[in-house]
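Read the structure below first, then the notes.
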């Protein structure tokens with residue numbers, strides 16, 4: 001049995017709820033804020049495709065290799081995006097964090113830092129992971145900078161690693177955080193979150209951190 005058991009992760013900023021088919025309409029609305037499906041670097045579903053998107057994520061959960069969440073902003077109660085664990089290797093254990101996207105008005109806010117801190121804490125302190133990975137398109141420089149701001153170390157590039165939604169081949173930049181690095185990374189994320197949430201204004205910039 002996979003230890004990736006659906007669970008709710010939360011703090012004073014955000015709630016990560018286990019993804020379900022009940023979230024289809026809310027995710028459609030979140031993706032419509034900024035028409036995220038038109039961005040070459042995002043995995044957000046196009047109109048009418050959210051149900052298939054959720055079903056595919058839930059199949060990954062059933063197969064024991066994924067644990068998908070919806071992102072609910074705490075103060076408003078609104079679902080504003082999604083994220084997940086994937087590529088789970090139980091023998092180590094080790095996993096990746098990605099498939100992350102947020103409604104346009106919440107991008108480059110404190111929300112991503114809050115989500116990543118919750119996911120990293122659960123991965124290292126509950127799932128006892130030896131490492132957590134992040135993957136992103138080599139052309140997505142905003143995503144690379146966002147991952148580096150989390151404290152992750154760049155490992156290298158997998159060339160011609162996968163296809164983008166438009167069918168073109170992408171090189172994937174790989175990052176990781178090791179278990180022994182988590183205490184320092186966790187403290188850094190806490191300090192960064194305090195600063196970001198204290199000065200937060202909703203922006204119109206577009207980025208994701210890891211996919």
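The values are calculated or read from the model by the stated rules, or taken from the named source; none is laboratory data. The shown structure was predicted, so the numbers you read here are calculated from the model rather than taken from an experiment. Because the Cβ atoms are built from the backbone with ideal geometry, glycine has one as well, and the counts that use them run over all protein chains shown.
The table that follows gives values for the structure above.
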quantity: Residue within region 98-112 that is in a loop (DSSP other than H, G, I, E, B), without any contact (Cβ under 8 Å) to a residue 40 or more places away in the chain and either surrounded by 22 or more Cβ atoms within 10 Å (Cβ to Cβ) or in contact with a strand residue (DSSP E or B) (Cβ under 8 Å, 6 or more places away or on another chain) (or both) present; calculated: no
quantity: Region 113-134: number of residues that are assigned to a strand (DSSP E or B) and closer than 22 Å to residue 198 by Cα; calculated: 0
quantity: Residue ID - surrounded by the fewest Cβ atoms within 10 Å (Cβ to Cβ), chosen from residues in region 121-165 that are in contact (Cβ under 8 Å) with a residue 60 or more places away in the chain and touching a strand residue (DSSP E or B) at 6+ places or on another chain (Cβ under 6 Å); calculated: 164
quantity: Any chance residue 75 is modelled with pLDDT under 95, at negative phi, outside any helix (DSSP H, G or I) and in contact with a strand residue (DSSP E or B) (Cβ under 8 Å, 6 or more places away or on another chain); calculated: no
quantity: Pair list, Cβ under 6 Å, 6 or more apart: region 5-33 residue without any contact (Cβ under 8 Å) to a residue 12 or more places away in the chain, other residue assigned to a loop (DSSP other than H, G, I, E, B) and surrounded by fewer than 19 Cβ atoms within 10 Å (Cβ to Cβ); calculated: none
quantity: Residue 81 at pLDDT 95 or above and either in a loop (DSSP other than H, G, I, E, B) or surrounded by 23 or more Cβ atoms within 10 Å (Cβ to Cβ) (or both); calculated: yes
quantity: Boolean, residue 65 is surrounded by fewer than 23 Cβ atoms within 10 Å (Cβ to Cβ), more than 17 Å from the chain's Cα centre (by Cα), closer than 24 Å to residue 182 by Cα and modelled with pLDDT of 95 or more; calculated: no
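One line per residue, one yes/no per condition, for (1) within 22 Å of residue 103 (Cα to Cα); (2) part of a helix (DSSP H, G or I); (3) at pLDDT 90 or above:
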| residue | (1), (2), (3) |
| --- | --- |
| 147 | yes, yes, yes |
| 158 | no, no, yes |
| 173 | no, no, yes |
| 183 | no, yes, yes |
| 188 | no, yes, yes |
